[in-house]
Amino acid sequence: MSDKTFSRKLAEFAADTSFSSLPEAVVHQARRCLLDTVGVIIAGSAMADSAQAIQGFVKKCAPAGKASVIGTLLKTDSAHAALANGVAAHALELDDGSKYATYHPGASMIPAALALAEERGATVEDVLLAIALGYEVSLRIGTSVNPSHYLKGFHPTGTVGTFGTTVVSASLLGLNADELVSAIGIVGSLASGINQYEIDGSFVKHLHPGNAARNGMFAALLAQNGFTGPEEILEGRLGFAHCFSDTFNPSILEKDLGEKWEFQKIYFKPYCSCRYVHYAVEAVENILRGHPMTMDDIQSIRVLTHKNAKQGSDIPDYQTVLHARLSLQYGMGSMIVRGRAGLQEYTEESIKDERVKKIASLIEIEADPEIQKTYPEIRTTIVEITDTDGQFFASRVDYAKGDPLNPMSDEDLMDKFRDVTQTVLTAGRQKKVMDWIMDEGTLTNPVQELTDMLLW
C-alpha cells in the first residue's frame, strides 16, 4: 500500500501524463467540452446581466493584458479574463456537469485554460491536455465528497472547481509534481461557494466558477514561486473532506486513475436550467406527447425525486430569472403552458407569466426514499399529473438527455451551439468556430486563433 498522500497521487498523475498518452476518446471529449463551453460563454456574455456586470467591473478595475473577455473587445490579464468568462459560462445554466461530482466543471476550467493559453501563447494540444487533466482530477475529488458536500450547503462548482482550475493552470504553466502538490494544498484553503443564492436567486451563483478559475491560477502561480500548501489537504484531519463533507469516499481518488476516465461521464445540457429541472421537464413533455392537455385540464401535479433536487430546485415562489432557472415548478409550468422551456422562456418578462405561476402552485415535490437509494447513478424523477376528470398520468425519467447513457451527439452539440449563439454570431462565423475546435488538424495552432474569433 502506497503511503503517498492523495494530492501527491493526483499531482503525479497530472504532471506525468502527456498529450500523446491520452486515449483518443478523451481528446475528443475535451474538444466537445471546449465547443460546448465556448458556446455558452458567448451566449452568457451577450444575454446575462451578471456577465455584463462583471465585464463592467473588469473594464474599470483590471489591467490591460493579452487575455480576451469573450464577446467584447476587452483584453486584460488572464486572471480577470477567466473571472469574467467563468461568470458568463455559468450565467444561463447551460454548462456541462457531473451527476457524480455534483458540479459544473467546464464553467471554471475552460475559461482558465483559454485565458492562460492566450496569455502564454499555448497551442490547442496544450489546452486539450490541460482540460482533460483538470476535469479528471476535480471530478474524482467532487465525487469523493458528494452527495453530502452539496447537501451541507456548499456549491461544488465553486469549491471543487478550484482543484480543477489549479490542475489546468499547472499544466499550462509547466509545474512539476512537487509544485502541483503545493498548489492543490493552497487552493484547498481558497475553496469557497455556498448555496444561499437558492433562497433569493442572486447573481453570486455565477461568480463561483469565475472565482474558482481565478483562484486556481493564483494557487498555481504561488506554488511555482515557492509558496507551499498542506500536502494532506484532501484527507487530513482538518482537510477539505473533513471540513466540507460527511461522506468522504477516498477510493475514487485513485481507483483506475489514468486507465478509466471519469471525464467520459459528464453530461451536457439541452435546456438552460438546473440539471434537476431537465428530468421533470422531459417527464412533462412525455406525458403531454401521449395525452395533450391544457393548463385548465390539470388538477394536481406530484413530483417524486431525490434529496438534491428537493433541496435545490423546489422553488414555487421564484423571484428572479436565476431563481426560475433553478425551479422545478417554473420549468414544468413553462412546458405545460407554452410547450417550451428554452432561452426565450427565461426572461424577466417570461417569469411574470401568471399562467405559469398558477401551474407552479399545483406542483408538490417529494424526496422519495426509493429514488434516493440509486442516487447519483440514477437521478430518477417521476412526474404524476391528475387531470380535472380524475384521470392519472405518469412519466419516469432516469437519464435525461445529455447523460452518458442518453447522450448528446457531436451534431446535437453543434445544433446547441448554433441555437445559443445565433443572436450574436453569423452562420459563417458559427461554422468557422465549430470547425476550428473540432478539427484534428489544429493541434499545433495557437489558441489565440480561436479567441480572436470571439471578440466583437
So GLU93, is it of a type in the set (Asp, Glu) and either surrounded by fewer than 24 Cβ atoms within 10 Å (Cβ to Cβ) or under 24 Å from PRO230 (Cα atoms) (or both): no
Number of positions in region 401-439 that are of a type in the set (Ser, Thr, Tyr) and either modelled with pLDDT under 95 or over 24 Å from VAL277 (Cα atoms) (or both): 2
Residues within region 195-218 that are hydrophobic (A, V, I, L, M, F, W, C) and over 23 Å from LYS152 (Cβ atoms), tallied: 3
Unique residue being at negative phi and in contact with a Pro (Cβ under 9 Å, 6 or more places away or on another chain) when the list is ASP77, ASP49, ASP36: ASP77
Positions within region 249-265 being surrounded by fewer than 21 Cβ atoms within 10 Å (Cβ to Cβ) and either closer than 20 Å to GLU93 by Cα or among the acidic types (Asp, Glu) (or both), in sequence order: GLU254, ASP256, GLU259, LYS265
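This table checks each residue for (1) acidic (Asp, Glu); (2) without any contact (Cβ under 8 Å) to a residue 40 or more places away in the chain.
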{"residue": "LYS9", "(1), (2)": "no, no"}
{"residue": "GLU24", "(1), (2)": "yes, yes"}
{"residue": "CYS33", "(1), (2)": "no, no"}
{"residue": "VAL40", "(1), (2)": "no, no"}
{"residue": "PRO63", "(1), (2)": "no, yes"}
{"residue": "SER68", "(1), (2)": "no, no"}
{"residue": "LEU73", "(1), (2)": "no, no"}
{"residue": "ALA88", "(1), (2)": "no, no"}
Residues being in a loop (DSSP other than H, G, I, E, B), of a type in the set (D, E, K, R) and under 25 Å from GLU377 (Cβ atoms) - total across region 295-341: 1
Residues of region 76-101 that turn out to be under 18 Å from LYS59 (Cα atoms) and in contact with a strand residue (DSSP E or B) (Cβ under 7 Å, 6 or more places away or on another chain), as a count: 4
Output for region 266-289, where each listed residue is in a helix (DSSP H, G or I), surrounded by 18 or more Cβ atoms within 10 Å (Cβ to Cβ) and not aromatic (Phe, Trp, Tyr): ARG275, VAL277, HIS278, ALA280, VAL281, GLU282, ALA283, VAL284, GLU285, ILE287
Candidates PRO230, PRO292 - the one that is assigned to a loop (DSSP other than H, G, I, E, B), under 30 Å from SER78 (Cβ atoms) and at pLDDT 95 or above: PRO230
Those strands (runs of 3 or more DSSP E) lying entirely in region 350-446 with at least 1 residues acidic (Asp, Glu): 363-367, 381-387
In region 361-390, the residues that are surrounded by fewer than 21 Cβ atoms within 10 Å (Cβ to Cβ) and closer than 14 Å to ASP296 by Cα: SER361, LEU362, THR386, ASP387, THR388, ASP389, GLY390
Condition met for ALA220 (out of contact with any Gly (no Cβ under 9 Å at 6 or more places or on another chain), in contact (Cβ under 8 Å) with a residue 60 or more places away in the chain, outside the structural domain of ALA309 (by TED's automatic domain parsing) and part of a helix (DSSP H, G or I)): no
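Per-residue answers, yes or no, for (1) closer than 18 Å to LYS99 by Cα; (2) touching a helix residue (DSSP H, G or I) at 6+ places or on another chain (Cβ under 7 Å):
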| site | (1), (2) |
| --- | --- |
| PRO292 | no, no |
| ARG302 | no, no |
| GLY312 | yes, yes |
| ALA324 | no, yes |
| GLY339 | no, no |
| SER361 | no, no |
| THR380 | yes, yes |
| THR386 | no, no |
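The values are calculated or read from the model by the stated rules, or taken from the named source; none is laboratory data. Treat the numbers as computed from the prediction; the structure is a model and nothing was measured. Using ideal geometry, Cβ is built from the backbone for each residue, glycine included, and neighbour counts are taken over all protein chains shown.
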